[in-house]
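Note sheet for the following structure.
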Amino acid sequence: MKDKEATKRKLIDAVGVIIKRDGFSTLKISTIAKVAEVDRKLIYRYFGGLNHLIEAYIVENDYWLLFSEKMKTMLEQKEFTGSEQIITAILQNQFSFFVSQKEMQRLILWELSADSPMMRSIHNARESMGQKFLEMTDSHFKESKVNFRPIAALLVGGIYYTILHTIFNGSSFTDMDINSEEGRQSILVAIEQIVHWAYIGAQ
């Protein structure tokens, strides 16, 4: 059993190594087995194939799938005073996580450019997690003219695009360098301000 778990760990880690080095498009059974230094047959034995191995890696590393569990714990421990603070923390943590995780940057690029049933499945799981958090805001916006969901969509999409654009096409975006501490901090402050404005607008 220990050998099986150790081999599975090697294979999942090998996926990460290849993504960091070459991107998702280069993931192949033979390449992963070579990096992991195991027989390629074990990928089929332990994961059933390439897609399930990649999925196992994504589940371990995707922000929304990871952070949802962390947020459940934080909610149980009552670390937030209300839904505004919860949503702000989620979006700020998403930015900090995504700006530092090259594998997830490549994942989103792959998700946007590939017609993949597996990626749609991951996207749907991510959406399901996000929906649970958005439901926390419903009571605040229910009787107002503010629809928070498109605001959240623009914030999430803006986080992805700003980071991907600056990393792959240049260091600055709207004259901000998000590779600098000052630039990253300005984004975090802006996220907090936009969420707050939405909440104030609904009062």
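Tabulated values for the structure
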| read-out | value |
| --- | --- |
| Residues of region 97-119 that turn out to be free of Cβ contacts under 8 Å to residues at least 12 places away in the same chain and under 14 Å from the mean Cα position of the chain (by Cα), as a count | 3 |
| All positions within region 124-138 that are in contact with a helix residue (DSSP H, G or I) (Cβ under 8 Å, 6 or more places away or on another chain), closer than 22 Å to I191 by Cβ and of a type outside the set (F, W, Y) | R126, M129, G130, K132, L134, M136, T137 |
| Residue check, I151 buried (at least 17 other Cβ atoms within 10 Å of the Cβ), at pLDDT 80 or above, farther than 23 Å from D22 by Cβ and not acidic (D, E) | yes |
| Those residues of region 133-146 which are exposed (fewer than 12 other Cβ atoms within 10 Å of the Cβ) and not acidic (D, E), in sequence order | S139, K142, K145 |
| Selection count where residues are part of a helix (DSSP H, G or I) and either assigned by TED's automatic domain parsing to the domain that holds D115 or more than 19 Å from S121 (Cβ to Cβ) (or both), scope region 1-42 | 29 |
| Region 66-100, residues that are aliphatic (A, V, I, L, M) and either modelled with pLDDT under 70 or within 21 Å of Y199 (Cα to Cα) (or both) | M71, M74, L75, I86, I87, A89, I90, L91 |
| Flag for M136 being over 20 Å from I19 (Cα atoms), part of a helix (DSSP H, G or I) and either modelled with pLDDT under 75 or not assigned by TED's automatic domain parsing to the domain that holds A190 (or both) | no |
| Residue check, R120 basic (K, R) and surrounded by fewer than 13 Cβ atoms within 10 Å (Cβ to Cβ) | yes |
| Subset of region 1-44 [within 15 Å of N61 (Cβ to Cβ) and touching a residue at least 60 places away in the same chain (Cβ under 8 Å)] | G16, I19, K20, G23, F24 |
| Positions within region 157-198 being buried (at least 17 other Cβ atoms within 10 Å of the Cβ) and either in contact with a Gly (Cβ under 6 Å, 6 or more places away or on another chain) or at positive phi (or both), in sequence order | M176 |
| Residue within region 144-163 that is touching a strand residue (DSSP E or B) at 6+ places or on another chain (Cβ under 6 Å) and in a helix (DSSP H, G or I) present | yes |
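The values are calculated or read from the model by the stated rules, or taken from the named source; none is laboratory data. A quick note: this is a predicted structure, and the numbers were derived from the prediction, not measured. Glycine gets a Cβ as well: all are built from the backbone with ideal geometry, and neighbour counts include every protein chain shown.
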